[in-house]
1. Residue under question is SER90, and the condition is that it be touching a residue at least 12 places away in the same chain (Cβ under 8 Å) and assigned to a helix (DSSP H, G or I); does it hold?
2. Checking LEU57 against (1) farther than 19 Å from GLY108 by Cα; (2) open to solvent by 40 Å² or more (accessible area, probe 1.4 Å); (3) modelled with pLDDT of 90 or more; (4) not acidic (Asp, Glu), which single condition isn't satisfied?
3. Which one of the conditions (1) under 19 Å from VAL23 (Cβ atoms); (2) touching a Leu at 6+ places or on another chain (Cβ under 7 Å) does LEU142 fail to meet, given that it meets all the rest?
4. Given the conditions (1) touching a Pro at 6+ places or on another chain (Cβ under 7 Å); (2) modelled with pLDDT of 90 or more, which single one is not true for ALA29?
5. Quick one: which of VAL68, VAL13 is open to solvent by 70 Å² or more (accessible area, probe 1.4 Å), at pLDDT below 90, over 20 Å from GLY165 (Cβ atoms) and β-branched (Val, Ile, Thr)?
6. If you check THR77, THR111, which single one turns out to be closer than 23 Å to SER37 by Cα, open to solvent by 20 Å² or more (accessible area, probe 1.4 Å) and of a type in the set (Val, Ile, Thr)?
Amino acid sequence: MPSHKQNRALAAVQEVCILTAAVAVIAAAVYFFLVPSHTSVSSISGLGIVLSNFVPLPLSAITMILNVVLLLIGFLTCGREFGAKTVYTSIMLPFFIGVLERVFPDIGSLTDSQELDVLCYVLVVSVGLSILFNRNASSGGLDIVAKIMNKYLHMDLGRAMSLSGMCVALSAALVYDKKTVVLSVLGTYFNGLVLDHFIFDHNIKRRVCIITKKEEALRHFIIHDLHSGATVYESYGAYNLEKRREIITIVDKSEYQKLMNFMNREDPQAFITVYTVSDMRYQPKI
């Protein structure tokens with residue numbers, strides 16, 4: 001049987017493999033779709049594409065320099081908030097882009113359409129970014145800028161990300177035509193929407209509150225069929241002060257559908273309220 005240290009080592013190796021695969025997906029999205037489109041969609045790589053018109057260096061080198069500078073500024077201003085994962089991904093991203101530059105030099109558009117290149121980039125990069133975010137990691141770059149803005153300008157982190165992303169998108173105006181600038185801005189906007197779908201919709205649950213005459217059957221269904229938990233509260237109707245029990249449970253999308261089917265079958269007249277829950281935490285007593 002593996003020891004505790006061996007299990008931890010195995011988990012660490014698995015984590016590194018997942019992070020590496022996610023960064024490789026992001027690098028592929030940048031090199032095969034973002035670079036041919038000439039747009040600067042909400043990323044340090046996008047800014048690097050613009051700067052490559054002024055600096056005689058490959059995109060991988062520019063991205064590496066930008067990430068290292070931002071990491072140094074981040075450590076000086078925000079301390080060790082970024083952690084080893086951010087350092088690792090910030091270095092691996094330009095490394096993978098450099099590998100692709102050597103293996104596929106002077107590659108053109110795979111779609112022969114600037115609009116499709118931006119669309120493909122948004123879809124593919126969102127897969128890689130969502131994996132990183134769900135592993136409590138990031139690709140560095142603009143995430144560091146956003147955290148600095150959050151600390152010193154007291155700006156909401158999501159708003160700081162959007163603002164920094166839009167600034168990068170508008171930087172395309174320094175080099176490219178109006179169409180490219182518009183595509184950069186639209187790509188940045190839709191990238192945020194797709195990321196929200198990948199990250200937050202995946203974690204969304206529903207808080208369902210039910211008052212029903214079939215209380216015991218419902219409690220049994222939640223515990224034994226859904227394998228979930230529930231809380232029972234005593235409540236009183238404001239009109240006649242009639243005592244009732246309210247059962248509250250938190251379910252995911254598939255469990256919610258099963259629960260609604262059960263209630264429609266057992267008690268169509270039940271009173272049900274549903275709330276969206278995107279974050280659940282248990283705060284232990286200290």
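The values are calculated or read from the model by the stated rules, or taken from the named source; none is laboratory data. Computed from a predicted structure; not experimentally measured. Note: ideal-geometry Cβ built from the backbone for every residue, glycine included; neighbour counts use all protein chains shown. All accessible areas refer to the heavy atoms of the entire protein, side chains included, with ligands and DNA or RNA removed. Shrake-Rupley method; radii C 1.70, N 1.55, O 1.52, S 1.80 Å.
1. Working: touching a residue at least 12 places away in the same chain (Cβ under 8 Å): yes; assigned to a helix (DSSP H, G or I): yes.
Yes: the conditions hold for SER90.
2. Here LEU57 clears every test but (1).
3. (2)
4. Going through the list (1) touching a Pro at 6+ places or on another chain (Cβ under 7 Å); (2) modelled with pLDDT of 90 or more, ALA29 breaks only (1).
5. VAL13
6. Working: THR77 fails: closer than 23 Å to SER37 by Cα.
None of the others qualify; the one that does is THR111.
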